[in-house]
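Structure, as structure tokens:
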Amino acid sequence: MAFSGVKNDRGELRILENLDELRTDLADYIAELSEAAVKERGVFAVALSGGSLIGLMGKLCEAPYNKTVDWGKWYIFWADERVVAKSHSDSNYKLAKDGLLSKVPIVPSHVHSINDSVSAEEAADEYTFVIRQLVKSRMVSVSDISDCPKFDLILLGMGPDGHVASLFPNHAVLDEKDEWVTFITDSPKPPPERITFTLPVINSASNVAIVVTGETKAEAVHLAIDNIGPDSQSVPARLVQPTKGKLVWFLDKPAASKLDSLQFSE
Ligand SMILES: O=C1O[C@H](COP(=O)(O)O)[C@@H](O)[C@H](O)[C@H]1O
């Protein structure tokens, strides 16, 4: 690892030498959280994102994780989803199914994807209802300081504009305080219609990981993590601040290249 430590109030930073190291560290981290949650609660409720994240989770499909992780106890959700058919190449569900879920023994009824045959608004409402039922049965915990669900882990990627889930810069969706899951129909990144966890839900999780690679995202990483004043407030990733949970950043060296004053151990 090139650097590991805590950076101001922005959580733990893990900067990895290369993508292979990042994939291994991420798999270890997820496997450890899964083991701890299963020991404590009997289940592991994890929300995925789309994009590059799924490929970076690939080691979980390999030994030893494919055998040692208690896959039967996993409950899968999406922190955001594109409102397209599940068979569409833009679907975050399809991405995760092809790249991860079809390769490990997850129980199909534990996979909670959105209804792809209704409007974005209906899909967000139905998804909220699904999560509510699972909170009632305690498959998903509940926050002790709000009525929000408390996922064991929410895994986020970040776009070059600093968006996380489908929370885009300067979008009204960033101000949503009442809903758990909301929708947008004007995403600046196609496809336009999406559902997304809101900031209160993301910030109620026990653990949040933001996984970012590549130089094209270095400026957004700098704005999201370093103390640089008002400019940074428009970066959605900066608004990820778990109230009681733990935030960990997984970065490769190019993504971390614009961070202030970090000493890399070569
Ligand atoms: O559109 C989306 O983009 C982000 C970032 O994707 P990446 O490919 O740049 O990592 C992703 O986290 C989100 O789930 C997705 O819907």
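The values are calculated or read from the model by the stated rules, or taken from the named source; none is laboratory data. Computed from a predicted model, the values in this text were never measured in an experiment. Here the Cβ is made from the backbone with ideal geometry for all residues, glycine too, and neighbour counts use every protein chain on show. Side chains are part of the model used for accessible areas, which takes the heavy atoms of the whole protein and leaves out ligands, DNA and RNA. Shrake-Rupley method; radii C 1.70, N 1.55, O 1.52, S 1.80 Å.
Of note:
- Residue in the range 16-26 that is open to solvent by less than 10 Å² (accessible area, probe 1.4 Å) and part of a strand (DSSP E or B) present: yes
- There is no residue in the range 227-235 that is assigned to a helix (DSSP H, G or I), away from the ligand (no atom under 15 Å from the Cβ), in contact (Cβ under 8 Å) with a residue 40 or more places away in the chain and not hydroxyl-bearing (Ser, Thr, Tyr).
- Flag if PRO169 is within 19 Å of the chain's Cα centre (by Cα), open to solvent by 10 Å² or more (accessible area, probe 1.4 Å) and within 15 Å of the ligand (Cβ to nearest atom): yes
- Just one of the listed residues (SER113, SER109) is open to solvent by 30 Å² or more (accessible area, probe 1.4 Å), touching a Lys or Arg at 6+ places or on another chain (Cβ under 7 Å) and at pLDDT 95 or above, and it is SER113.
- Matching residues in the range 165-215 - criterion: being over 19 Å from LEU53 (Cβ atoms), touching a strand residue (DSSP E or B) at 6+ places or on another chain (Cβ under 8 Å) and assigned to a helix (DSSP H, G or I): VAL173, LEU174
- Filter pass, ASP161 being open to solvent by 40 Å² or more (accessible area, probe 1.4 Å) and either over 30 Å from ALA36 (Cα atoms) or away from the ligand (no atom under 12 Å from the Cβ) (or both): yes
- Search result, residues across the range 31-55 that are in contact (Cβ under 8 Å) with a residue 60 or more places away in the chain, within 16 Å of the ligand (Cβ to nearest atom) and hydrophobic (A, V, I, L, M, F, W, C): VAL46, ALA47, LEU48, LEU53
- Residue pairs meeting the criteria (Cβ under 7 Å; at least 6 apart or on separate chains; first under 12 Å from HIS163 (Cα atoms), in the range 181-199; second within 13 Å of the ligand (Cβ to nearest atom) and charged (D, E, K, R)): SER187/ARG194; THR196/ASP80
- The one condition in (1) open to solvent by less than 30 Å² (accessible area, probe 1.4 Å); (2) within 10 Å of the ligand (Cβ to nearest atom); (3) of a type outside the set (Phe, Trp, Tyr); (4) more than 22 Å from VAL140 (Cβ to Cβ) that ILE210 fails to fulfil: (4)
- Residue within the range 141-153 that is within 16 Å of the ligand (Cβ to nearest atom), crowded, with 19+ Cβ neighbours inside 10 Å and assigned to a loop (DSSP other than H, G, I, E, B) present: yes
- GLU121 being without any contact (Cβ under 8 Å) to a residue 24 or more places away in the chain and open to solvent by 50 Å² or more (accessible area, probe 1.4 Å): no
- One residue from LYS59, LYS103 being away from the ligand (no atom under 14 Å from the Cβ) and in contact with a Lys or Arg (Cβ under 8 Å, 6 or more places away or on another chain): LYS59
- Some residue of the range 62-77 being open to solvent by less than 60 Å² (accessible area, probe 1.4 Å) and among the acidic types (Asp, Glu): no
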